Amino acid sequence: QVADVDSRVYGAFLEHLGRAVYSGIHEPGHPTADENGFRRDVVDLVRELNPPVVRYPGGNFVSAYNWEDGVGPREERPVCLDLAWRSRETNQIGTNEFADWAKLANTEMMLAVNLGSRDLDGARNYLEYCNHPSGTYWSDLRAKHGYRDPHNVKLWCLGNEMDGPWQVGHKTAREYGRIANETSKAFKYYDASIETVVCGSSHDRMATYPQWESTVLEESFDSVDYISLHRYFDNFENDTPNYLAKTISLDRYIKTVSGIIDYVKAKKRSKNNVFISFDEWNVWYHERENDSKRMKEWDWPVAPALLEDIYNFEDVLLVAGILNVFLRHADRVKIACIAQLVNVIAPIMTATGGSAWRQSIFYPLQLASRLGRGISLNVATRSPTYDCDEADDVPYADVSAVASEDGSTLTVFAVNRHMSEPMEIDASLLGFGGLTVTDHLVMSDTDPKTANSMQQPDAVRPKQGSGLAIVEDNRLIGALPAFSYSAITCRTAA
């Protein structure tokens with residue numbers, strides 16, 4: 001066993017960016033909209049993914065966001081300039097509306113506070129507004145706004161990507177570590193059960209990485225619970241084998257930061273445990289260059305189409321590989337949020353006034369979320385390998401496995417990175433008895449660029465791999481199709 005899989009590793013992210021919120025989750029007048037303007041077709045798809053937490057409201061957006069602008073009577077809320085995405089924010093959706101949506105989607109709120117342009121006072125007031133029952137200025141103001149019961153938010157992000165020079169209110173590691181520590185302490189003075197997430201590196205190619213993690217944790221280790229990591233993946237070089245090998249560097253990233261956590265814990269002689277919150281991750285490159293040009297030219301639009309990547313089949317295998325890495329590091333990675341949830345580099349796409357559909361990357365996340373809850377197992381694999389620019393000796397087979405607590409169910413998640421050759425699988429099931437294959441879902445395609453669209457929403461989707469795998473003599477044997485992702489579930493007889 002590695003560790004119990006924290007279900008929050010299947011979390012998601014919603015930022016006030018592009019059409020993620022407006023015409024994403026919220027579109028009054030849409031045929032499926034409820035009385036609050038939330039699209040029920042989108043909610044249904046979110047429920048299929050079943051994210052235990054959704055991070056909100058940013059992201060880069062939060063570093064210049066005044067949470068007070070998004071509460072109270074809507075007609076009195078100010079329209080503001082969002083410096084992060086060069087857009088106008090109408091503030092028609094704010095904390096209370098997001099709380100309503102989260103209940104509708106059966107998820108919990110993971111709120112971020114502004115430690116860029118704001119300070120500890122703004123953060124603690126936000127906490128009091130959200131969580132205190134009554135009898136104080138901020139809690140009574142929430143009641144006045146129509147929300148008598150507190151939201152009781154337990155998971156808080158202490159700013160966003162504060163290592164990034166692009167961030168409003170960017171700070172040095174020492175500056176940020178100190179304000180994050182003081183903010184976390186204040187939150188836990190209020191409620192010791194609150195969990196806080198301190199900002200790690202925006203990605204592992206930052207000039208300040210990994211010293212940033214070390215310095216920030218030296219300032220804040222005893223008061224925080226998680227350190228956040230972010231990473232986006234691209235295939236600008238249009239080299240599919242190299243692209244799929246980028247999970248190797250993700251694995252190194254997690255191992256390195258895990259080592260820093262251990263180093264700082266030892267240095268401080270601390271009893272506290274700090275884990276990893278990988279609260280921004282996804283493929284992001286399809287529209288990146290076009291969006292950068294467009295943003296420089298436009299004049300502060302409201303909810304413009306932005307970062308609307310259309311995902312293809314090779315993205316399925318990359319996302320599946322990322323999820324495998326998280327599962328193999330279940331002892332370290334306790335929270336992860338795909339960025340983002342709707343329209344903006346997202347598994348769910350919508351047409352304004354029209355339909356919503358599942359992008360290709362929807363499915364590996366859905367399968368892992370549905371089948372990958374339990375105990376992560378150590379999986380020792382032997383596989384043919386290949387060399388590429390990203391790494392040498394990249395195994396064609398990328399595998400993780402999750403078992404139920406009682407051992408009655410085992411699910412193996414396997415990627416075959418080889419673009420033309422199937423791969424035999426022969427796995428010893430030591431420690432298990434009486435298992436049979438009850439389901440083998442397969443995603444495969446000969447064209448790495450196949451994608452779903454509003455016109456063809458089912459071009460990429462899982463299919464039953466009947467007869468591809470069986471259990472024989474306590475071994476799982478069968479085949480992984482070329483260029484494929486498989487979720488193979490075995491169960492004991494009833």
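With both labels modelled 7 Å from their Cα along Cα-to-Cβ, the D392 to D473 distance reads 3.7 nm. Tell me which aspartates and glutamates have Cα within less than 16 Å of K103's Cα, excluding those fewer than 8 residues away on the same chain? Filter leaves D34, E35, D41, D44, E48, D149.
Between segment 457-494 and segment 304-346, the alpha-carbon centres lie 22 Å apart.
So if a site counts as exposed when it's one of the chymotrypsin sites (Phe, Trp or Tyr not before Pro), its DSSP state isn't H, G, I, E or B, and it has at most 12 other Cβ atoms within 10 Å, what's the longest stretch of the chain without one? It runs 299-494.
Neighbours of V325, meaning other residues whose beta-carbon lies under 11 angstrom from its beta-carbon, give a summed charge of +4 when Lys and Arg score +1 and Asp and Glu score -1.
Within the same chain, lysines fewer than 8 places from K267 are excluded, and of the rest, those with a Cα less than 22 Å from its Cα are K185, K255. Taking every DSSP bridge with both residues inside the chain, close to 60 percent are antiparallel. What the Cβ-Cβ distance of D222 and T381 gives, at R0 = 35 Å and to the nearest 0.05, is a FRET efficiency of 0.35.
Leaving out ligands, DNA and RNA, what percent of the accessible area of segment 96-170 is carbon and sulfur, probe 1.4 Å? The computed percentage sits at 49.
Taking one quarter of the surface of the convex hull spanned by the alpha-carbon atoms of the chain gives a direction-averaged projected area of 23.5 nm². Compared with the alpha-carbon gap, the fully stretched path from D439 to I310 is longer by 43.5 nm at 0.36 nm per residue. Subtracting the Cα-Cα distance of A493 and D44 from 0.36 nm times their residue separation leaves 158.4 nm of extension gain.
Give me the angle, in degrees from 0 to 90, between the Cα long axis of helix 247-267 and the longest principal axis of the Cα atoms of the chain, rounded to the nearest 10. Tilt of helix 247-267: around 60 degrees.
As a length-normalised measure over Cα pairs under 8 Å and 6 or more apart, the relative contact order of the chain settles at 17 percent. Each residue, K255 and D69, gets one label point 7 Å from its Cα in the Cβ direction; the gap between the two is 4.4 nm.
Each Lys or Arg adds one and each Asp or Glu takes one away; over the other residues whose Cβ falls under 13 Å from the Cβ of H230, this sums to -4.
Once the 1.4 Å probe is applied to the protein heavy atoms, segment 113-263 comes out at 39 Å² accessible per residue. Structure note, pairs K188/K268; K293/K334; K144/K188; K271/K334: Cα-Cα distances above 30 angstrom occur for K293/K334. Between N272 and D331, the simple label model (points 7 Å from Cα in the Cβ direction) yields a spacing of 2.2 nm.
The values are calculated or read from the model by the stated rules, or taken from the named source; none is laboratory data. Just so you know, these numbers come straight off a predicted model, no measurement behind them. Using ideal geometry, Cβ is built from the backbone for each residue, glycine included, and neighbour counts are taken over all protein chains shown. We work out accessible area using only protein heavy atoms, side chains counted, and drop any ligands, DNA or RNA first. Shrake-Rupley method; radii C 1.70, N 1.55, O 1.52, S 1.80 Å.
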